[in-house]
Each structure stands twice: as structure tokens, then as C-alpha cells.
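Peer 1: The following block contains the structure, expressed as C-alpha cells.
What follows draws every value from the coordinates through simple rules; no lab data is involved. For clarity, every value in this text was computed on a predicted model and none was experimentally measured. Here Cβ is always computed from backbone atoms with ideal geometry, including for glycine, and neighbour counts include all displayed protein chains.
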Amino acid sequence: MIVNRFLERLRNPSCKEVLKTVQSYLDGEVDVETARRVAAHLADCPDCNVESEVYRSIKTSLANAAEPVDPEVLAGLRAFSERLVAGEME
Amino acid sequence: MLLPVRSCIVLLMTPPIGTSSQQARFNEFVVPQLDLLYRTARSLTRSQSDAEDLVQETLLRAFRAIERFDGRYPKAWLLTIMRNANINRARKKTPDLLDDPELTFERSTRHALTVTPEDNVVDPIFDSAVQKAFDRLSASFRNVVELVDLNGLSYAEAAEILGVPVGTVMSRLHRARKRIRDDINEHGLESERPDDPATNPGPLETQHSDPQRSAG
């Protein structure tokens with residue numbers, strides 16, 4: 001039993017490790033294995049899960065604040081590209 | 001559409017008609033990134049017209065170079081072109097501030113973001129608090145938050161456009177978000193009607209636990 005707990009601790013990251021990684025995890029900037037370990041820890045640790053949700057909320061809120069691109073501007077740039085490709089811009 | 005003088009000069013150096021390969025590669029690798037390019041240019045210039053000029057100049061440069069592009073990582077390739085174009089642009093505008101592209105970037109990001117009503121639907125009070133905390137960040141922290149969280153760049157892409165190592169992007173971004181969280185915790189979730197308990201639920205920790213707790 002003690003050995004199993006020891007092995008489990010080796011396999012699973014501590015709260016400290018998770019808190020160092022959680023923002024990169026939310027940004028999708030960790031490797032698959034790290035993401036799996038962090039996700040498993042968050043599922044089992046309410047405190048770290050709260051921490052993760054705070055950062056997730058901040059990220060979502062910031063993303064919501066992104067000013068949308070004016071469709072006319074985008075259409076203008078698309079038209080510019082088309083004229084460039086067609087060689088019409090001498 | 002009138003072209004900026006600089007774009008016209010670059011254009012004169014461009015073959016009048018692209019080869020079919022050049023055209024196909026441009027359509028494949030560049031055109032799908034127009035939205036990203038404009039968003040990033042807007043972050044760099046803080047002006048719609050300057051952003052359009054910068055994107056046009058980036059497109060012209062990309063068109064000229066497309067046949068030398070190996071097809072890998074088009075976003076990173078385009079962001080490098082944009083970064084260089086922006087450095088040249090800043091150099092011509094302010095010849096006394098030539099040597100620090102990051103400083104140029106920081107100077108260009110002095111205005112606050114605008115939250116549009118249609119975006120602000122989930123939790124306007126929390127969003128407002130985040131916005132205020134964001135506005136209180138230093139320019140170097142705002143830059144990286146804007147590139148990653150608002151424009152959706154990866155760490156590597158943000159590093160490319162800023163001309164700094166990926167580790168620097170990560171460090172600034174994480175510290176910036178922590179400052180936002182600490183700022184909200186310090187100032188609370190202020191509403192337009194501070195006396196109304198229904199719209200003023202108090203500091204962040206009442207909704208999102210205590211951020212000062214020690215790691216387990």
C-alpha cells in the first residue's frame with residue numbers, strides 16, 4: 001500500500017507543479033503527457049481546479065474583449081490580395 | 001483603394017504578373033491568414049489605417065518572397081515579414097527611436113481595448129473588472145496578453161512578432177494574468193451601481209476561491 005502511494009506520487013504531479021503549469025496547460029502549450037497528468041490532477045484536486053477555473057475565466061473574458069475585425073476591412077484586404085495575385089496593381 | 005507610398009515603391013519592385021505557382025502558393029499560404037495579420041497589425045499600430053497599410057506591405061513582401069518559402073509554418077513566416085515591415089515603418093516614422101523594436105511596440109499600445117456589447121454577454125461585471133485590470137498592466141505585459149489571449153497567437157508566434165524568446169513570452173503572460181487576478185482580488189468586482197448588492201457581488205474570492213492560498 002505504501003509503495004503504491006509512493007509510486008502514485010511519482011506519477012502524479014504535486015499541486016505546486018500543477019500551479020506552475022496550469023496556464024501553459026490552458027493555453028494548449030504543454031505536451032500530451034503533461035496535459036494528461038495536469039487534467040488528472042485537476043479532476044482530483046478541488047483547490048487546483050478552482051485555480052485553473054480562475055485563469056480560464058480570465059482568458060475567456062480577455063478573448064471576449066477582442067475587437068472583431070470589420071468585415072469591410074477584411075473584404076478590402078481580400079480584394080487587395082486578389083489584385084496582387086492577378087497582377088493588376090502596377 | 002489608395003495605396004500608401006511605401007507599398008507603391010515595393011510594388012514597383014514586384015513582377016507585374018505572378019507566376020501560376022506564385023499565385024497558387026499565395027492563395028494557399030497567405031490569404032487564409034488575412035484575419036490574423038490584420039488583428040496583429042492592429043495590435044502593433046493601434047490604428048485601423050496604419051494596420052491596413054502594414055498588412056498591405058506584408059502582403060506585397062510575402063508575394064515577392066512566396067516562391068522561396070518552404071511551406072512550413074506560414075503563420076510564423078508571415079509574422080516575421082510583418083515584424084520586419086513594422087520595424088522599417090517605425091524607423092521611417094521616428095528615426096530617433098530606431099534601435100528597439102520592442103520599445104516601438106510598447107509605444108504603440110497605449111490605448112485601452114474596447115469591449116463591444118455583443119461580446120460582453122456572459123458576466124459583464126467580471127469582464128469589466130478584467131478589462132480594468134488589463135488596462136492597469138504595464139505595456140510589455142499588455143502586449144503579450146493581447147497577442148495571445150485576444151489575437152490567439154501561440155507562444156512561439158508571439159515571440160516571433162515581439163522578437164523575444166518563447167520563455168520570455170510565457171513568463172510575461174503568466175505574470176500578467178496573475179496580476180490581473182491579484183488586481184481583481186484587490187479592487188473587487190466593481191459595478192456601475194456600487195450600492196446595489198445584486199450587481200456588486202464583492203471581491204473575486206467570493207466567486208473564485210482564495211487565490212492567496214498556499215500550494216498543496
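Peer 1: Which ordering of B:Ile66, B:Ile81, A:Ile58 is given by a fewest-first count of other beta-carbon atoms within 10 Å? Kindly include the intermediate steps, with their values, before the conclusion.
Peer 2: Values: B:Ile66 24, B:Ile81 21, A:Ile58 28.
By the 10 Å Cβ count, ascending, the order reads B:Ile81, B:Ile66, A:Ile58.
Peer 1: Which whole number gives the average count of other chain Cβ atoms within 10 Å of the Cβ atoms across peptide A:44-55? Present the calculation step by step, with values, prior to reporting the outcome.
Peer 2: Details: counts 0, 1, 1, 6, 2, 1, 6, 7, 0, 3, 12, 7.
For peptide A:44-55, the averaged partner shielding equals 4.
Peer 1: Give the lysines whose C-alpha is closer than 23 Å to that of B:Lys75, dropping any in the same chain fewer than 8 places away, or say none.
Peer 2: Excluding near neighbours in sequence, the set is A:Lys59.
Peer 1: A further question on this structure: At 25 °C and a viscosity of 0.890 mPa s, what translational diffusion coefficient does Stokes-Einstein give for region A:2-86, taking Rh as the Kirkwood radius over Cα pairs? Give it in µm²/s as a whole number.
Peer 2: Details: Rh = 16.0 Å.
This corresponds to a translational diffusion coefficient of 153 µm²/s.
Peer 1: Just want the ordering: B:Ser49, A:Ser14, from fewest to most Cβ atoms lying within 10 Å of their own Cβ.
Peer 2: Numbers: B:Ser49 10, A:Ser14 14.
By the 10 Å Cβ count, ascending: B:Ser49, A:Ser14.
Peer 1: How high is the relative contact order of region A:2-86, in percent, with contacts defined as C-alpha pairs under 8 Å that are six or more residues apart?
Peer 2: On the way: 27 pairs, mean separation 21.1, N = 85.
It comes to 25 percent, rounded to a whole number.
Peer 1: Right, another one. Sort A:Asp70, A:Asp31 by Cβ crowding within 10 Å, fewest neighbours at the top.
Peer 2: Working: A:Asp70 11, A:Asp31 8.
In increasing order of surrounding Cβ atoms, one gets A:Asp31, A:Asp70.
Peer 1: Shielding of B:143-156 by partners, i.e. mean partner chain Cβ atoms within 10 Å per residue?
Peer 2: Working: counts 0, 0, 3, 3, 0, 5, 10, 6, 2, 2, 0, 3, 4, 1.
Per-residue shielding by partner chains comes out at 3.
Peer 1: Let me ask something else. Evaluate the distance, in nm, between pseudo-label points positioned 7 Å from the Cα of A:Glu33 and of B:Glu186 along their respective Cα→Cβ axes.
Peer 2: Those two pseudo-labels are separated by 4.0 nm.
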